[in-house]
Each structure stands twice: as C-alpha cells, then as structure tokens.
Protein chains: 2
Amino acid sequence: MPEYKAPLRDMSFVLNEVLELNAHYQNLPGCEEATPDMVAAIMEEGAKFSERVLSPLNQIGDQQGCQWSEEGVTTPEGFRDAYQQFVEGGWPSLAHDPEWGGQGLPESLGIVLNEMVGTANWSWSMYPGLSHGAMNTIEAHGTQDQKETYLTKLVSGEWTGTMCLTEPHCGTDLGMLRTKAEPNDDGSYRISGTKIFISAGEHDMADNIVHIVLARLPDAPEGTKGISLFIVPKFMPAAGGVGDRNGVSCGSLEHKMGIHGNSTCVMNFDEATGYLIGPPNKGLNCMFTFMNTARIGTALQGLAHAEWGFQNSLAYAKDRLQMRSLTGAKCPDKAADPIIVHPEVRKLLLTQKAFAEGGRAMIYYTAQLVDKVHQASPEERAEADGLLALLTPIAKAFLTEVGFESANHGLQVFGGHGYIAEWGMEQNVRDSRISMLYEGTTQIQALDLLGRKVLMTQGESLKRFTKIIHKYCQAQSDNTGLKEFTDPLLTLNKEWGELTMQVGMKAMQNRDEVGAASVDYLMYSGYVTLAYFWARMAETAQQKLAESDSDKAFYEAKLTTARFYFQRILPRTRGLVATMVSGADNLMSLDDEHFQF
Amino acid sequence: MPEYKAPLRDMSFVLNEVLELNAHYQNLPGCEEATPDMVAAIMEEGAKFSERVLSPLNQIGDQQGCQWSEEGVTTPEGFRDAYQQFVEGGWPSLAHDPEWGGQGLPESLGIVLNEMVGTANWSWSMYPGLSHGAMNTIEAHGTQDQKETYLTKLVSGEWTGTMCLTEPHCGTDLGMLRTKAEPNDDGSYRISGTKIFISAGEHDMADNIVHIVLARLPDAPEGTKGISLFIVPKFMPAAGGVGDRNGVSCGSLEHKMGIHGNSTCVMNFDEATGYLIGPPNKGLNCMFTFMNTARIGTALQGLAHAEWGFQNSLAYAKDRLQMRSLTGAKCPDKAADPIIVHPEVRKLLLTQKAFAEGGRAMIYYTAQLVDKVHQASPEERAEADGLLALLTPIAKAFLTEVGFESANHGLQVFGGHGYIAEWGMEQNVRDSRISMLYEGTTQIQALDLLGRKVLMTQGESLKRFTKIIHKYCQAQSDNTGLKEFTDPLLTLNKEWGELTMQVGMKAMQNRDEVGAASVDYLMYSGYVTLAYFWARMAETAQQKLAESDSDKAFYEAKLTTARFYFQRILPRTRGLVATMVSGADNLMSLDDEHFQF
C-alpha cells in the first residue's frame, strides 16, 4: 500500500532557512499573525490530516471513481467524510479575509498547505481547490450582497465552487464560446448552454455548489470582448441555507485517464438563474486576475507527483532485492542487493528528488510573490506582479512536465510491478498527465511566456529576474565553495538574455518564429530558474554546515542533490539551445496535406 | 472513434526502396518464394485484416479487459473470432519451417506483418506474439517428438504458447527463481511453483496453451546456471486433440495500467506434468537464443504507438478549429484555424512522424539481420549476428522510450480531450508504457548495450556498425545535396567511438561508471543510429526526385522530415554527451539513508 509522509523537514528548510518566510510575514501588513509558532502548528496539523485522512483515500478514489445518477454525483467512499473534517478543521477559511469569515493568513501558507493536501490525494484536493478560485473571483468582483450570500458560505466550506469556462468546441479559444445569458426583469439572467470538463461540477460533499460561469449577453461583441461572468448556484440561496433547485445539472461524467476521484462534469445550463459578477463583457479580464493563482495551483501538481513518486519508489528501491552491485555484493548475506545500489536506479530517484525539492523552492518563492501582490507596498507590489507574471507560465508548464517525467521515473523503479495498479505508481502517472493540459497546455504557457510576458514587454520582465540572478551570483563571487553552482548559473543567465534577443529579432520578420521557439524556450527557462533555486539551497546548506554540526547529513544531502542537478539535469539546456534557434522553417515548410500518404 | 490505416506506401518505401529487401530475399537461401508480388500481396492482406478486424477491437479490448473465473479467462468481445480468422488466414505459420506446417517465408516478413497487427491492436497481437516465442524455443531445442506434438499445433495456430519466466521475487534476476521440477519415473517432471506477469497465460482463444517454463531440477546448481526449460501444456496432448487437464491454472489476472485486452496472469503450477526441453541446467542459454527476436518484437511496440498516435493526432489537428495562426488567419471563412497551423502542434506531429518512420527503417533493418542470422552464409551470419547483438538493445530501449514520448505527444495535440477515454489517445499512452518495462527495462538494455555488447567486446561490435556509417558517409562525400545530413552524422559517428573510449577507460577504475553512463549512452546511440537511417531515407528520396516526377510530394516530405529530425531531434545528443561523461560520483555519493529526512 503506497504511503505519503509530509516532508516537513524539507518544507521548513525552504520556508524558513532559504526563503525566510518568517521575516517576510512579519514585514507584510495583515500577515503578522503568521508567527513562526503558528506556521509550524499549521504545518503539523496539515501534515496529520493529509497523511492520516487523505492519503488512505487516494487509491480508493482511483478505484471507485465518481458515480453519476439522475439525482447527482456520488464521490468515492470516504471523500465526503474527509471534506467534513476539513471544514470542521477550518481549513477552507485559512487564507481568506476575516470580513467573510476567513482567518486572514497569507496566501502562501495556503499554498504550502495545498502541497500536502494535493500530494496526499490530488483528486480530493481539487474540490476545495476549485472553491478557492470561485472565492477569489467573488471577493474581487462581487457586490457586497454577493459576498454576504455566497462568499461567506464558500469560506466556511459549507458550499463549494467551480469555474465553468470550457465548451465542447472551445477550450483554449474562449472567444468562441456560446453559452447565453438573457436578462430577467428582476436583474438576474437566464443562463443556457453546455459546459464541459467542469471539475467538481457536481458531487455530494457540500450542501450547495456555486458555479462561476462564462457566458454572452444578448448584445455582446464577438470574440473574447463579449464574455461576461455569472454566479449560478446549484440551489437558490434561502434564509439560513438553500431553497429551490436551479436549472443547472450534471449531464454526465467524463471517463478519464486519471484523477478518477474528482468528478469531471458535463454541465447543462437550462435557463438557470444567474447573477452578473463584475462589469458586462469584461468577464475574461476578471478571470485573468486569478489565472496566475490557478496556474500556480497546477504547478503544485507537478511537485506533488514528483514528491509522491519519489517517496514510494525510494522505499521500494531500498526493499527490493535484485542483482548484485556492479562493484561487488553490498549485502552478501541477502539473496541479492537492494536495487538502490544500481547507478541508474539512483539516477531515477535523484531526478525525482531534484525536481521535487527544487520545485518546492520555486513554488514557495512564487507563493511569496502572491502575498506581495496582495499586500505589499505599491512599489513592491508592481515588482512582485511583474516577476509573478514571468514565473507563472514557467512554474506551471515546466514543473508539470518534469512532474510527469518524475512520476514515470517512480514507476520505472518498480520495473514490471510499476505497471500493476496495486502499487499506485501507475495511478501517479495517470493522475499527473492532466497537469500539462488543463489551465492552459504547455504549448499555451510557452506562447504566454515568450510572446506575451517576454517579447511584448521588450524583455523587461525577463530582465527583472535575470538581474536578480546576476546580483545573486555576483554577491557570491568570493564564495569558492559555491562556484560549481554560481559559475554555470551566471553563464546560463547571460545566455538566457542572448537567446531572447536572438529569437526576438527573428520574430520581427516572422511571427511563427515565436511559436517555433516557445516550448524549448520555456523548458530552458525552467531549467535555469530551477538552477537558481538549487544554487540558493546549496548556499544555505553550505552556511548551515559552516555554522554547526547539527543536521549535518541533511545539509550534505542538499549539496549532493544540488550537484546532481547541475551535473545531470542542467546540461539538457544544451539540446534546447540548439533546437530553439533552429528556426521555424523545419516546422512550417511541410504542406498540411503531405504529413501522411 | 480512433482509426488505423496501414501506412503501406511508407512501408514499401523502406522495404523496397531504402533497404531493397526484394534483392535480399532473392539472395537468401530458402527465401526465394518471397517474390515482390508475394510480399506486396501479403502486405495488402495483412493491412486489410489489421484495419478491418483488429483495429475496431482495440478500444473494446481496453474497456472490457479480460475476465477471470474458476473456469478460465474470457477475452474481450471479438478477440476470439479475430483469432479464428487469423488462423484460417494461415498467418501464424507465415515465417515457420514447412517441415512443421509453416510457409517458410522470411522472419523479416513476419515482423513487417506484426507492425500492422500490433499497431492496430497491441493487446490482441500479444496472443500470437507469445506463441511465436514458444515456437522458436521448441524449434531450436525440442526433440523430434516434441516438435511433432507441440510445434505443428502452434504453427497451425490451433494452440498458443507462453513464456513463463518471472516469479514474484525475481524478474530481472532470474538466478533467484524457485519453481521446482521433480523427475517422474516415465521421464517427465512434476513442475511446482508460481509464475507472475504471464502474458496470454490463460484465455479462450485456442484449444490448448503450451507453456515454456523455467524451473530448477532437484540437484541444480544455484543461480542462473541451475535453470532448465520445460514444456508444460494446459491440456495433455491426445490423439488428434487434447486430453486431460494438466496441473497448471491461472490464479488471477493483474490489474494493469494498460493492455487490458491481454491477459496478464498469475500461473500456478501444482505438480503439473512437464517435459524437459534442451539440456538440463542450460535453460537460460536456450532462452537467450531468442531474446533478440523477442526484444525486436517489443521495439516494434515503440513504432506501433508512435504511428498510431501520429495518425490519429494528425487527423485531429486538421479538424479541430482553435485560435488563429500567429501570422494571420489561414481559414478566414471558419470560426478559427485548424490547430495544425500552430508551430508547436506541428512539432508534436513531426516528432511522432520522425520516430515512427525512422523507427520503421531501424526495425526493418534489424529484421533483415534476423533473416541473415538464420539463413545466410556462415561469414555473413557472423557479421549479422554481431550487428544484431549491438542493435537489439538500442532498438528495444530507444524505440520504446521515444514511442512512449510520441504517444504522449499524440495525446497532447488533443488538449484536454486527449485525457478523455473516448478519443483513444490516453489508451495509446497507457498501452505503450509497459514497453519500457518488459523484455528487460530500459536500464537493463542499457547495461546490456554498454557493458556486455560494447565494452566486453572491446568495442568490436560497435566498430562494426560505426564503420558501416563511416563508409556510407564517405561514399556520399561528393553528394552536396546530402551534406546537411552526412556531415553531422559523420561527426556524431566519430564522437560515438570517442565517448565509448572515455567511458571504457573510467570503467576500468570503477565498474559503477558503466552503470552511471549506460542509459545516456544508449539514448545517444539511438539518436545516432536513427540519424543514419534518416540519412539513408533522405538519400533515397533525393535519388527518386532526381529520377522522375512521380510521387514528388512523398519524397519531398521525406526530405523535410529528415531535416526536422536532424535540426529538432538530433541536438538532444548535446545534453546526453555532457551527462554521460559527468561520472558516477554524482549518483553514488549520497548515502542510501540520506535520500530522505
């Protein structure tokens, strides 16, 4: 039976020792309550809940899936109970405004908590995860009345929420959406249309579901400029609870590759009553406000599957006896050596470890930026906003790509047994596969990064980050013990800017050059960004080792893993550089009709 | 509904125009019957059977899976009928000796046929595929009596066969196996033990199943030197058919990630009657004789999933409308452009195409070597045997790795829809995942290549192949039109030898250096080998274009795809070189107990 243990030591290393979040919280208005003791207590409680309540339901969720009937959708055994415990523990309200019943703790703490919840059971974590998106939307764009009616219930966790964007003929291209909103005399709207791929669209875990729906007003302009946002509750709110059923229902559940425990719904809106939220025709702009947070939520999924795969394949590699070490028997008293003695098994393990631990630093760093965007001084806020805009597509696409790679490495450690359901490793692969698709595919993130974030700002947002890296390396220039990391990082950081120039120049002649370079550019950016975090983690480890003897093995392992990352993973940039600058012609010149004969 | 269309034009391009198999058959004793007309007719019939009978059962197989009961295993709807048609068509006997009822056609033709059968429905193809292994074993090591009793029934397809190697505690490390064989007075043996992961171990498709079982004699030496091979039939043979049930039964079916249509069985041998095949204690040697063929069969799976993913994602990319081209609308009369206009979608398609078509050339080339090993003059035979030994682990591991990558690209083209079962793309990913595990994992193939095949022969077997590539490039040195391919190929071919020397020198100090370099070395070897075949295909296309105007678009597409491979895929070698020579220390220095805290 696979298991999950929250890596509290490593989480606290990143939070407190590398990123110094304790100081960050004390400097941030409204976050002062997040004292070190409070943070530690929350992490410990979150770990217990994730390990004891959610983790044992992960495989059950996969096996049972969700069941559809005319009456609604039943979630897997135990999911509903776990959600009740989650609500009773006050977890949904953690990072929300006290005005609506929240605990007013920083968003970044919510993300740290989500790491544990999501790694223990990703499918389950999506129910509260989707609520979070709905809450943020109502909090930013809702009226006082809407907040009192819906937001308080979402914050308490009594109700959950969804985001209803996709339609059968449009996913990426939301400008094509057709769901209609026709005005009623009382100021409400009749919403009609079909939405697909609605995660947590229908379930039995809460008394009501609040759908945030993209639809078109009758006189709306075509394309993305004619989309408005509506609140459409499953049950109409009534004094102290819920009243009549609204005209929204789940038509069917999708049969998916993974995340079986989460209900992925076709939602039919049949003149459902809805309420406009935010200004008319500005729905997409309102959505974009929260796209970054949602995408960091998905980036987390990359970390989750890497960490889960790592933990379980490590346990197996220490236990499974097969063959002898190439350098002679390591356990001569046993029938064979444990497979962790084999270099290529260690490579599979270390790759997962480097991505999980590095990804943790990357995500906690962006989480810190989210706090600043919400609560820092206007100047700091603008700086944080620019950095977050740049790092979001990198974190989302890069971490989900390497998360899927890691999940596959975890499976590979098990050999043939990895293909068998009972070990859980193949579920980890299947569950992780969706992360490169939803919230914008890797290809869309890559266009967002190179086209919108980098080239459209004339490289400004990139320079903001490369300057941080450059200054960091310069500040360490006398630190000879760190040179094995800072020297290559400095070189790559410079190359990053040069490659951007090179691609940008080509793009001025031919826009397809942006598309043709984009995924390679994004992956390159990801490897360099992760190298920065690994250098910082190595630096912290080096410092701690110099200061005292405590936790020596932990810090030495950190240095060894940083070395592994720089020597075994970072050279992947060499191939990416060559393909990135190879031009659009090798992709565009083949006639559509000549791909196949 | 996903579809498969046998790529007959491309298959014939590789067979007849690049590798000139027609001439090869005419020069090979016993293969003269494989005239061009005969080959074409077999391919056309095989295509029809694969497209019309097997392809429609592929998704059904995944959905229904195999069902276990006390009475036996039921295969998915239609599987049994399809097998009857396969037998009636005489397909099982294609490449077997006429002495036992075979048609005496070359093995390579059987592999070409298997490409279509396996691409249409991999799970189904494994039933006859496993029989093939059993047939080869009996043909090479069986007595006249065993051949008359078992081989004739397998060749006709009336019975099927299996290979029973793996046990719960040993997969790779067969030296640890425990299944016992105790002699009876009549010369037979009582076989007792449990085998797992037995593909096609029990099913309802044929009257009898002939298990080839690895077991230990009572006085057998420990380890791999004490393993013997036995024939254990499900039913005892009787005049004209089958008699009593033998003491072998399927205890349960594994719940797997994919290939649900194939029964993966736990087989219990309870004093089952078995017959020694080959000399006592030489079972593993006997098995190794056919390992190469079995591994080429698995290499084919890489090609199969790349081709299937390519065909279906290409159709979708031409059909799905989403967003506009970066260079302006291509279909202004439609609501959006088909997604094939986007560079990164084309990259996903071209990557699949380059691996499928290149993989086809690599496999057909090794298939030709198999023919030579069986039927050429002793001198040619030795040369072919050496080449085959080198290329087998490359083809098996490299093609299954890039096949899995390709299957994922196919899914990615579909965006969110790729994650939904009905499109079939996620099944293609799940089905392909096992290919990197069975018949020796990628890691085992890599050790076989670098350790056994290359270093243990002091590089002899590698030199045999690099010399072929070198001569080829030299012969083309005046061909300026081919320089974009032959120049980088020549450089890489030289580097291949140098890297081998470098790793070999290190390995003399520390055997772990072999393991630490092995997977990177194997993947590097795969990319260079595929570059050789792409250069040859480009050369043929160039020639044909110079000769006449017929099929111009086909040959130009071939050149464009070769260019894509050299510019967009081959640069991956740059990262591999850096990591391959980075040494074992970054893998071995972390203490087993310090991977996690």
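The values are calculated or read from the model by the stated rules, or taken from the named source; none is laboratory data. As the structure is a computational prediction, the values presented were derived from the model and not from experiment. For neighbour counting, all protein chains shown are included, and Cβ atoms are generated from backbone atoms with ideal geometry for every residue, glycine included.
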Is it true that residue A:422 is of a type in the set (Asp, Glu) and over 30 Å from residue B:252 (Cα atoms)? no
From the residues in segment A:177-193 that are under 30 Å from the mean Cα position of the chain (by Cα), in contact (Cβ under 8 Å) with a residue 40 or more places away in the chain and at negative phi, which one is farthest from the other protein chains (Cβ to nearest Cβ)? A:179
What are the pairs, 6+ residues apart or on separate chains, where a residue within segment B:332-349 that is at the interface with chain A (Cβ under 8 Å from one of its Cβ atoms) and under 13 Å from residue B:315 (Cβ atoms) has its Cβ under 9 Å from a residue that is among the aromatic types (Phe, Trp, Tyr) and surrounded by 24 or more Cβ atoms within 10 Å (Cβ to Cβ)? B:349/B:310
Return yes when residue A:358 is crowded, with 24+ Cβ neighbours inside 10 Å and in contact with a Phe, Trp or Tyr (Cβ under 8 Å, 6 or more places away or on another chain) and no when it is not. yes
Of the criteria (1) out of contact with any strand residue (DSSP E or B) (no Cβ under 6 Å at 6 or more places or on another chain); (2) touching a residue at least 12 places away in the same chain (Cβ under 8 Å), which one residue B:70 fails: (2)
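So which of A:267, A:163 is closer than 30 Å to residue A:63 by Cβ, away from every other protein chain (no Cβ under 14 Å) and buried (at least 20 other Cβ atoms within 10 Å of the Cβ)?
When all the criteria are applied, what remains is A:267.
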Test for residue B:458: is it more than 25 Å from the chain's Cα centre (by Cα) and either acidic (Asp, Glu) or over 18 Å from residue B:543 (Cβ atoms) (or both): yes
Scan B:45, B:77 and give me the residue that is closer than 26 Å to residue B:307 by Cα and not in a helix (DSSP H, G or I). B:77
Out of the residues in segment A:550-570 that are small (Gly, Ala, Ser) and crowded, with 19+ Cβ neighbours inside 10 Å, state the one that is nearest to the chain's Cα centre (by Cα). A:562
Of these, A:405, A:422, which one is farther than 16 Å from residue A:362 by Cα, of a type outside the set (A, V, I, L, M, F, W, C), under 18 Å from the mean Cα position of the chain (by Cα) and surrounded by fewer than 24 Cβ atoms within 10 Å (Cβ to Cβ)? A:405
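Matching residues to (1) farther than 18 Å from residue B:372 by Cα; (2) crowded, with 17+ Cβ neighbours inside 10 Å; (3) free of Cβ contacts under 8 Å to residues at least 60 places away in the same chain:
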| site | (1), (2), (3) |
| --- | --- |
| B:16 | no, no, yes |
| B:19 | no, yes, no |
| B:26 | no, no, yes |
| B:30 | no, no, no |
| B:33 | no, no, no |
| B:55 | yes, yes, no |
Hey, residue B:137 at pLDDT below 95 and of a type in the set (Ser, Thr, Tyr) or not: yes
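How many of the residues in segment B:180-198 are crowded, with 22+ Cβ neighbours inside 10 Å and closer than 16 Å to residue B:250 by Cβ?
So the answer is 5.
Test of understanding: among B:316, B:364, which residue is in contact with a Phe, Trp or Tyr (Cβ under 8 Å, 6 or more places away or on another chain) and on the phi < 0 side of the Ramachandran plot? Steps first, please.
Details: B:364 fails: in contact with a Phe, Trp or Tyr (Cβ under 8 Å, 6 or more places away or on another chain).
So the residue among B:316, B:364 that is in contact with a Phe, Trp or Tyr (Cβ under 8 Å, 6 or more places away or on another chain) and on the phi < 0 side of the Ramachandran plot is B:316.
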Residues that are β-branched (Val, Ile, Thr) and free of Cβ contacts under 8 Å to residues at least 40 places away in the same chain: find the helices (runs of 4 or more DSSP H) completely inside segment A:485-584 holding 1 or more of those. A:552-564
Among the residues of segment B:425-441, which ones are charged (D, E, K, R) and more than 12 Å from the chain's Cα centre (by Cα)? B:426, B:430, B:431, B:433
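Let's see how each residue does on (1) more than 14 Å from chain B (Cβ to nearest Cβ); (2) surrounded by fewer than 17 Cβ atoms within 10 Å (Cβ to Cβ):
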position: A:151; (1), (2): yes, no
position: A:170; (1), (2): no, no
position: A:173; (1), (2): no, no
position: A:207; (1), (2): yes, yes
position: A:211; (1), (2): yes, no
If I filter segment A:20-41 for residues that are over 20 Å from residue A:156 (Cα atoms), part of a helix (DSSP H, G or I) and within 14 Å of another protein chain (Cβ to nearest Cβ), do I get at least one hit? no
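In the set A:385, A:333, A:319, A:371, which member is buried (at least 21 other Cβ atoms within 10 Å of the Cβ) and acidic (Asp, Glu)?
A:371 is the lone residue from the list that is buried (at least 21 other Cβ atoms within 10 Å of the Cβ) and acidic (Asp, Glu).
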Within segment B:220-230, is there a residue that is among the hydrophobic types (A, V, I, L, M, F, W, C), without any contact (Cβ under 8 Å) to a residue 60 or more places away in the chain and within 30 Å of residue B:70 (Cβ to Cβ)? yes
Please enumerate the residues belonging to segment A:512-549 that are farther than 21 Å from residue A:484 by Cβ, more than 13 Å from chain B (Cβ to nearest Cβ), more than 24 Å from the chain's Cα centre (by Cα) and not acidic (Asp, Glu). A:548
Matching residues, segment A:440-464, being on the phi > 0 side of the Ramachandran plot and surrounded by fewer than 21 Cβ atoms within 10 Å (Cβ to Cβ): A:458, A:459
